[in-house]
Amino acid sequence: MNRAALRREAAAFRRRGDLLTDLFAAGTDLRGRPHAGLKQRTVSYYEANSYSPASSHQCFVCQWHFHSRARLAAAFLIAVPAADPHPTAAAIGAICDACWRSESVSEIEISATRLLHRVCPGGRFPHTRTINPD
Ligand SMILES: [Zn+2]
């Protein structure tokens with residue numbers, strides 16, 4: 001997908017309104033969750049692209065850039081449009097292993113809400129929250 005297509009997809013995503021979110025540890029079996037296939041593909045894509053030197057992927061709690069590989073993505077926040085019964089795109093953010101181990105649930109939720117407001121200004125985010133620290 002080229003940049004123009006990505007921008008169109010992001011704009012369409014924002015127009016769809018409220019988001020359903022899911023927060024889970026890396027490696028979580030997503031079978032049985034809503035939109036499991038889309039979520040798994042989104043995680044796979046994120047992981048495949050987070051550790052290259054050109055990656056801008058970073059922890060949404062501490063802003064650590066994953067391309068150094070000194071910290072790995074330990075958990076993911078995925079959001080899909082609530083109004084779309086068959087979403088084709090999802091937004092994703094990741095938490096580094098250091099934050100996942102040390103930050104409180106409330107700190108992670110505050111950071112997640114901050115991130116989601118960047119994706120969907122003014123949106124509401126009824127969490128489907130599952131936190132599975134090791
Ligand atoms: Zn972090």
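Nothing in this text is a laboratory measurement; each read-out follows from the coordinates by a stated rule. What you are looking at is a predicted structure, and each value in this text was computed from that prediction instead of being measured. Cβ: placed from backbone, ideal geometry, glycine included. Neighbour counts: every protein chain shown.
General observations
- Positive dipole terminus of the stretch 34-134, leading residue within Ala112, Ile78, Gly123 (C-beta point charges): Gly123
- Per-residue Cβ neighbour counts within 10 Å put Leu23, Leu30 in the sequence Leu30, Leu23, beginning with the fewest.
- Each residue in Trp64, Trp100 was given a count of other beta-carbon atoms within 10 angstrom of its own, and listing them fewest first yields Trp64, Trp100.
- Cβ charges +1 (Lys, Arg) and -1 (Asp, Glu), total dipole of the stretch 3-129, debye: 400
- For His57, His65, His86, the sequence from fewest to most other C-beta atoms within 10 Å is His86, His65, His57.
- Fully extending the segment from Ala54 to Arg118, taken as 0.36 nm per residue of separation minus the present Cα-Cα distance, adds 20.8 nm.
- The string of couplings for the stretch 59-70 from the Karplus curve (6.51, -1.76, 1.60, θ = phi - 60°) is 5, 7, 8, 10, 6, 4, 8, 6, 4, 6, 6, 5 Hz, one whole number per residue in order, with x for Gly and Pro.
- Taking all Cα-Cα distances within the stretch 3-129, those exceeding 23 Å account for 28%.
- Amide H contacts of Ala75 (H built 1.01 Å from N, in plane; Pro and chain starts excluded): Ala26, Ile95 sit under 5 Å, all sequence-distant by 5 or more or on other chains.
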